[in-house]
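So the structure is just underneath, and the comments pick up after that.
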Amino acid sequence: MNARAELANNFFPFHGGVHPPEHKNESTGTPIMAGPIPKQLVVPLHQSIGNIAKSLVAVGDLVLKGQMIAAADGSVSAAVHAPTSGKVVAVGPQLVPHPSGLLEHCITIESDGEDRWIERNRFDWRNADGRAIRDYLRDMGVVGLGGAVFPSHLKIGGAKEGLDTLVINAAECEPFITCDDMLMRERAVQIVEGIKIVQQLLQARQVLIGVEDNKPEAVDAMRAAIAVCEFPIQVVVVPTLYPSGGAKQLIKLLTNKEVPSGVRSTDLGVQCFNVATIYTIYRAMEHAEPVISRVVTLTGNVERPGNVEALIGTPIDDLLAFAGNKADSDAYIYGGPMMGFEIPGTDVGLSKAGNCIIAKSGALFPPKPVEMPCIRCGKCADACPAELQPMDLYWFGKSKNFGKAQERNLFDCIECGACAYVCPSNIQLVDYFRFSKSEIWSAEKLKKSADQARERHEFRIFREEREKREKAERLAAKAAQKHDAAAASSDPADAERAAKIKAAMERAAAKKVEAAAAQAGADPLTPVDPDAVSVPVSEAVAAPAPEPVVSQLDPEKAERIRLAMEKRAAEKAALDALSPEEKAARDAEKKAKIEAAMAAAAAKKAEKAAAQAQQDKSE
């Protein structure tokens, strides 16, 4: 029996997975080294999956190591801190490590070489409430260091009912990456202290640490560190299989709980943290250290592969020079070979998501074969850990049938690349899935913008109508005052003026009646009794819409017109009587009814399509 088999514990396999060449031994021969302090650090402000942090400094400001230079913007965000002491020399868009190659806001700091810390005050987390702890972790810039950079404060806090299982993700399944392995080997005690903190905050009843069986030294170090723990904690060794480090896959491996689509793991009583994230939580809670550095693997076509604790913002050029980059390196992968991407340039600064930098060469990464047509062999479906049908998602993406792709659970794809790895046609399937997702996100963004524009337009119409109505009421009140004054006066000129006002009002009322009758379907040339529309001037002025008289029309038609106009007048009066809040509620109710009808129609359509598919299958 080999060493890996001896380490294996009880586990629950997940569907699919692949086992590419590991390439891990190259970077585990030396301990973690302290990275260089560069002359300049380019610190990206977008260091989480949420909002971009808001800059707190300006060009020319002097900063100290650990000083907050950008504050979190909202709850789904994280603060950014100065990795070393120095002077801010630029604040603005710069190239960042991202597959798009687009510019993002960064703060460039010129190091003074002194590396002076800001004054730090330890946080009394044991006596703080959940909200204070979450705010503290947000302001310390703690995010997931496994690659997703999800703000950790959103996953932690004072849980009232407690958690069933806390899962520590130490699988590190992707080839070439060894930063978590070395972190466990050298800093297992600090990691376990961080686990104790999180376990206490979440009130977890048990802790499971998942480690792949290709890390025996890390397993031994972690087991020695947990030997004195007073709560249930276990190191579970799982087989080396990519992507066992995926959150849902590791939860399945350790607990046999499958997290369904659209369901959070916490709904099943499980929460998952990366082992490096746990270490930064410990440093923040016990030593008041914000996240200003991380362990990063430097490997591939370099002379001295290994792991370096590098400052956030360190230019990739400096890290490659530190590792001895070879002259024939032709590109550089940020992350692992399965889920990483080629960086647009080596002058970009290291971000919190940067767990590995691989120097590519023709020997390590031969040119990709030419993409061939899909033969629908089904190997991609066998390898998919999310149990999707990648060949169908590929066709839907290629034909831009994004609705069908969503129906087939496109957003359950974790973009691990296992499907593309086994594809005999060499189709880069993940690229198609990313394209589909981006198009759907773009369409949703456009729809949201259109909805906001429609709401603004509707409010503008409401405001204009309200202003017209208020203006008409003011004019009517003013005219009524003039008429009353003229009627009460004994001056013949005033009496003549009052008579003219009365005649004008009667003509206006008659015109309104004719217009209303025409709108209701009556012939505008039909004679109307002038006496029937004669109303007192004061009433004509005060009333916005005088009662129509249609006595000279056909009786049946006149009755229809009268009823229609009364109904319309009642509806208008009811609408005018509503407050803006009531109108908004009425519009929301109407919109909800429309959406419900659309959802019902979509469900009916889906049932019909399923029935048709079943019929086609039976034939």
> Around residue 105, what is the net charge, scoring Lys/Arg as +1 and Asp/Glu as -1 over all other residues with Cβ under 14 Å from its Cβ?
Replying inline: -1
> If one takes the longest principal axis of the Cα atoms in the chain, at what angle in degrees, from 0 to 90 and to the nearest 10, does the Cα axis of helix 130-139 lie?
Replying inline: 70 degrees
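Share of the chain's accessible area from carbon and sulfur, percent, 1.4 Å? The partial results should precede the final answer.
Working: 17320 of 32370 Å².
Here it works out to 53 percent.
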> Using the scaling law 2.2 N^0.38 Å as the reference, what is the normalised Cα Rg of the range 373-426?
Replying inline: 1.04
> Against the longest alpha carbon principal axis of the chain, how many degrees, from 0 to 90 and to the nearest 10, is the axis of helix 580-618 turned?
Replying inline: 60 degrees
> Any idea of the accessible area per residue across the range 39-120, 1.4 Å probe, to the nearest Å²?
Replying inline: 46 Å²
> Within the chain, which cysteines find no other Cys whose Cβ is under 4.7 angstrom from their own?
Replying inline: 106, 173, 179, 229, 272, 356, 374, 377, 384, 413, 416, 423
> Rounded, prolate or oblate: which fits the range 119-171 when a ≥ b ≥ c are the square roots of the eigenvalues of the alpha-carbon gyration tensor, with rounded for a/c under 1.5 and prolate only if a/b beats b/c?
Replying inline: oblate
>> Along the charge dipole of the chain, pointing to its positive end and built from +1/-1 on Cβ of Lys, Arg, Asp and Glu, which listed residue (41, 16, 575) has its Cα farthest out?
In response: 575
> Cβ under 14 Å from residue 91's Cβ, residue 91 left aside: what net charge do those residues give with Lys, Arg +1 and Asp, Glu -1?
Replying inline: -1
> In nanometres, what is the gap between the two model label sites at residue 571 and residue 327, each 7 Å from Cα along Cα-to-Cβ?
Replying inline: 8.3 nm
>> I'd like the accessible area for residue 231, computed on protein heavy atoms only with a 1.4 Å probe and all protein chains in place. Round to 10 Å², please.
In response: 40 Å²
> Cα axis of helix 275-287 to longest principal axis of the chain: angle in degrees, 0 to 90, nearest 10?
Replying inline: 80 degrees
> Extension gain residue 456-residue 75, at 0.36 nm per residue separation less the Cα-Cα distance, in nm?
Replying inline: 134.5 nm
> Calculated FRET efficiency, residue 12 and residue 563, Cβ-Cβ r, R0 56 Å, to nearest 0.05?
Replying inline: 0.20
> Rounded to the nearest whole Å², what accessible area per residue is found for the range 360-426 with the 1.4 Å probe?
Replying inline: 56 Å²
> For the chain, what does -39500 (n - 2.57) per DSSP helix run (n ≥ 4), summed and divided by total residues, give at 222 nm, in deg cm²/dmol to the nearest 500?
Replying inline: -14000 deg cm²/dmol
> For the range 269-423, what does the alpha-carbon gyration tensor say about shape, rounded, prolate or oblate, given a ≥ b ≥ c as the root eigenvalues, a/c under 1.5 as rounded, and a/b over b/c as prolate?
Replying inline: oblate
> lysines near residue 54 by alpha-carbon distance under 26 Å, same-chain residues fewer than 8 away left out - which ones?
Replying inline: 39, 65, 87, 155, 352, 445, 448
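With all distinct Cα pairs included, what does the Kirkwood hydrodynamic radius of the chain come out to in Å, to one decimal, could you say?
Kirkwood radius, the chain: 29.9 Å.
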> Which net charge results when you count Lys and Arg as +1 and Asp and Glu as -1 among the other residues whose beta-carbon is under 9 Å from that of residue 331?
Replying inline: -1
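The values are calculated or read from the model by the stated rules, or taken from the named source; none is laboratory data. It should be emphasised that the depicted structure is a prediction, and the values quoted were computed from it without experimental measurement. Note: ideal-geometry Cβ built from the backbone for every residue, glycine included; neighbour counts use all protein chains shown. Side chains included, ligands, DNA and RNA excluded: accessible areas come from the protein's heavy atoms. Shrake-Rupley method; radii C 1.70, N 1.55, O 1.52, S 1.80 Å.
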